[in-house]
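This report concerns only the one structure given below.
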Amino acid sequence: MSEGHVYSEGHVDKERIEAAWRDPGLRETAETRAAVDAAWAALDRGEIRVAEKSPSGDWVVNVWVKEAILLRFASVPAEPFSVGPFHYRDKVPLKTDPAAAGIRVVPPATIRYGAFLEEGVVCMPSYVNVGAWVGSGTMIDTWATVGSCAQVGRNVHVSGGVGIGGVLEPMQAAPVIVEDHAFLGSRVVLTEGVRVGAGAVLGAGVILTGSTPIVDVTGSEPSIVKGMVPPRAVVIPGTMPKRFPAGEYGVPAALVIGMRKPSTDEKTSLNETLREFPIAT
């Protein structure tokens with residue numbers, strides 16, 4: 001970005017951001033711009049988050065942080081800038097100095113300002129959007145996408161081509177959350193605030209929206225949930241029959257075929273995990 005837009009590191013004024021969101025007449029004041037800049041800087045440093053776990057274990061969305069993100073997008077013009085041989089025109093600069101952050105970034109990985117990656121994250125050629133949070137020890141593999149506001153825990157493997165959807169609106173909507181030690185197989189897609197529990201293993205090609213049936217098939221009768229993969233569950237793609245006026249067809253579902261064993265090394269490959277059940281890989 002040009003030197004005309006500097007992101008402040010001052011105090012984050014939550015109340016001013018909330019007031020400006022309610023009253024558009026306050027959005028262009030110097031005080032509001034400073035508060036929004038400070039919020040973005042705090043997001044970039046990992047001092048505030050779009051969503052965080054409460055002491056009870058529930059995830060809480062910090063709506064005012066989303067408001068700060070959108071207020072910046074509404075008030076800042078797109079500007080040209082260059083990174084090496086690449087030329088861009090955007091409202092948000094890219095993060096700089098991965099060495100100081102202790103992360104590995106392989107060209108041409110893109111991490112936008114306002115995302116936070118803990119020390120020890122590895123980004124192969126991939127994309128991490130504004131408001132995302134990624135924990136230490138996590139690998140974001142080639143052509144994977146971590147969408148705006150998504151929360152990815154520690155020691156997660158995000159395999160090649162995975163799409164973790166972003167969300168800024170509606171304001172109260174929870175982002176996609178992937179908890180610690182989860183394994184997302186190649187081409188997994190997660191959208192609409194899906195939550196993946198700690199240690200869960202999602203096989204290649206699993207697609208989950210907020211309304212996708214997640215069917216536990218380990219018992220004598222199926223048990224169906226939506227929007228939440230249980231901790232340590234091992235999940236593969238499946239289908240369920242659904243009747244339409246034109247006939248009955250299979251619609252996408254996800255099948256819980258077992259639970260990851262406590263003895264399983266967290267770094268065990270997806271193929272080795274699925275063979276335990278057994279599932280051809």
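The values are calculated or read from the model by the stated rules, or taken from the named source; none is laboratory data. Note that the coordinates shown come from a computational prediction; the quantities given were computed from them, not determined experimentally. Neighbour counts run over all protein chains shown; Cβ positions are idealised from the backbone, glycine included.
Provide a single number: the residues in the stretch 151-162 that are of a type outside the set (A, V, I, L, M) and in a strand (DSSP E or B).
Summing the residues that are of a type outside the set (A, V, I, L, M) and in a strand (DSSP E or B) in the stretch 151-162 gives 2.
Across the stretch 28-46, what is the number of residues that are in a loop (DSSP other than H, G, I, E, B) and free of Cβ contacts under 8 Å to residues at least 24 places away in the same chain?
Number satisfying all stated conditions: 1.
Would you confirm whether or not the stretch 216-235 contains a residue that is in contact (Cβ under 8 Å) with a residue 60 or more places away in the chain, of a type outside the set (D, E, K, R) and out of contact with any Gly (no Cβ under 7 Å at 6 or more places or on another chain)?
Checked the stretch 216-235: no residue is in contact (Cβ under 8 Å) with a residue 60 or more places away in the chain, of a type outside the set (D, E, K, R) and out of contact with any Gly (no Cβ under 7 Å at 6 or more places or on another chain).
Can you pull out every residue in the stretch 43-61 that is in contact with a helix residue (DSSP H, G or I) (Cβ under 9 Å, 6 or more places away or on another chain) and among the small types (Gly, Ala, Ser)?
Selection gives Ala51 alone.
For the stretch 48-64, which residues satisfy the criterion of being in a loop (DSSP other than H, G, I, E, B) and surrounded by 12 or more Cβ atoms within 10 Å (Cβ to Cβ)?
Ile48, Arg49, Val50, Asn62
Is it the case that some residue within the stretch 162-185 is acidic (Asp, Glu) and within 19 Å of Lys53 (Cα to Cα)?
Within the stretch 162-185, one or more residues are acidic (Asp, Glu) and within 19 Å of Lys53 (Cα to Cα).
Has the stretch 161-175 got at least one residue that is buried (at least 21 other Cβ atoms within 10 Å of the Cβ), touching a residue at least 40 places away in the same chain (Cβ under 8 Å) and not basic (Lys, Arg)?
yes
Taking into account only those residues within the stretch 241-281 that are surrounded by 10 or more Cβ atoms within 10 Å (Cβ to Cβ) and among the polar types (S, T, N, Q), which is modelled with the lowest pLDDT?
For the stretch 241-281, the residue satisfying everything is Thr281.
For the stretch 103-137, how many residues meet the condition of being more than 27 Å from Asn62 (Cα to Cα) and either of a type in the set (Asp, Glu) or surrounded by fewer than 20 Cβ atoms within 10 Å (Cβ to Cβ) (or both)?
The total comes to 6.
Anything in the stretch 8-43 that is crowded, with 19+ Cβ neighbours inside 10 Å and either within 21 Å of the chain's Cα centre (by Cα) or of a type in the set (A, V, I, L, M) (or both)? List them, or say none.
Selection gives Val12, Ile17, Ala20, Ala35, Val36, Ala38, Ala39, Trp40, Ala41, Ala42, Leu43.
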